[in-house]
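Comments concern the structure below.
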Amino acid sequence: MSGYLPAPEPVPGCAACVRLREEGNAARKRGDVSGETDVRVLLARHLERAHR
C-alpha cells in the first residue's frame, strides 16, 4: 500500500516480524489493500508489545 504512513520496519531476526512482513507483501501483491492494512496494524502492535 502506498498509503499515508510508511510501513513499520520489522526487527531483524524476529520470526514474528518477518512473518507479518511477508503476509503484508503477499496481500499487496494480490491487491488486497484491506489485508495489507490489517497486517500493518498487527505488525505495529507486535513491535510495541515485543520490542519496546
Only residues that are assigned to a helix (DSSP H, G or I), among the aliphatic types (A, V, I, L, M) and loosely packed, with under 15 Cβ neighbours inside 10 Å: list them for segment 1-45, please. Ala15, Val18, Ala26, Val33, Val41, Ala44
Leading residue by the ranking (modelled with the lowest pLDDT) among those in segment 5-32 that are basic (Lys, Arg) and either under 12 Å from Leu43 (Cβ atoms) or in contact with a Gly (Cβ under 6 Å, 6 or more places away or on another chain) (or both): Arg21
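The values are calculated or read from the model by the stated rules, or taken from the named source; none is laboratory data. As the structure is a prediction and not an experimental result, all values here were calculated from the model. Counting neighbours? That spans all protein chains shown, and the Cβs are built from the backbone with ideal geometry, glycine included.
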